[in-house]
Every structure is written in structure tokens, then in C-alpha cells.
Amino acid sequence: MAHDTTHVHKSNTKRIWTVFIIMSVVTLVEVFLGIVKPEFLTDTYFISLKLLNWIFIILTIVKAYYIA
């Protein structure tokens, strides 16, 4: 019985760049919102937190997903 010992290496370069771009865009949105702090997001509350805080929480979870 002969075993085929050749292994095919699949490059994940495209996937890495895609994740990098997604995380960069999410970070840019976070920074933009942190600097501008739109009034409608800081004056609106949802479940006792400002809407802006909820957006930051959601964007952080999105980034955590792509890190994992």
C-alpha cells in the first residue's frame, strides 16, 4: 500500500486581506463616531444606554468575531 505524501498548501492571503479590510473599516467607523459623536446618537437611549454606546458594543463584537 503506497501512501500519497504530497500535501497541497492552500493560501489564505485573500481571506487575511479581506478580514484586514473589514476590521479597518469597522475601526474607522468607530473612530469617526468617537470624534463626531452625533447628537441623535448621544441623546437617544435604548435599554438605559446611549445609542452610541450600543453601536460601539456591536462594532466591538463584530471585530471580535473576525479576530477569532
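The values are calculated or read from the model by the stated rules, or taken from the named source; none is laboratory data. From a predicted model like this one, the values you see are computed outputs, not experimental measurements. All Cβ positions, glycine included, derive from the backbone under ideal geometry; neighbour counts span all protein chains shown. Side chains included, ligands, DNA and RNA excluded: accessible areas come from the protein's heavy atoms. Shrake-Rupley method; radii C 1.70, N 1.55, O 1.52, S 1.80 Å.
What number of residues in the range 5-28 are without any contact (Cβ under 8 Å) to a residue 12 or more places away in the chain, polar (S, T, N, Q) and either touching a strand residue (DSSP E or B) at 6+ places or on another chain (Cβ under 9 Å) or surrounded by 10 or more Cβ atoms within 10 Å (Cβ to Cβ) (or both)?
Taking the range 5-28 and keeping what is without any contact (Cβ under 8 Å) to a residue 12 or more places away in the chain, we get 5-18, 20-21, 24-25, 28.
This time we only want the ones that are polar (S, T, N, Q), so: 5-6, 11-13, 18, 24.
In the following step, the residues that additionally are either touching a strand residue (DSSP E or B) at 6+ places or on another chain (Cβ under 9 Å) or surrounded by 10 or more Cβ atoms within 10 Å (Cβ to Cβ) (or both) were identified as 12, 18, 24.
Counting residues in the range 5-28 that are without any contact (Cβ under 8 Å) to a residue 12 or more places away in the chain, polar (S, T, N, Q) and either touching a strand residue (DSSP E or B) at 6+ places or on another chain (Cβ under 9 Å) or surrounded by 10 or more Cβ atoms within 10 Å (Cβ to Cβ) (or both) gives 3.
Would you check if there is a residue in the range 56-63 being open to solvent by 80 Å² or more (accessible area, probe 1.4 Å) and on the phi > 0 side of the Ramachandran plot? Walk me through how you get there before you give the answer.
Pass one, the range 56-63, residues open to solvent by 80 Å² or more (accessible area, probe 1.4 Å): 58, 61.
Right, trim to on the phi > 0 side of the Ramachandran plot and you get none.
No, the conditions are met nowhere in the range 56-63.
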Being within 11 Å of the chain's Cα centre (by Cα), assigned to a helix (DSSP H, G or I), at negative phi and among the aliphatic types (A, V, I, L, M), is that true of even one residue in the range 29-52? yes
Filter result for T42 (in contact with a Lys or Arg (Cβ under 7 Å, 6 or more places away or on another chain) and without any contact (Cβ under 8 Å) to a residue 24 or more places away in the chain): yes
The range 20-59: number of residues that are at pLDDT 95 or above and hydroxyl-bearing (S, T, Y): 2
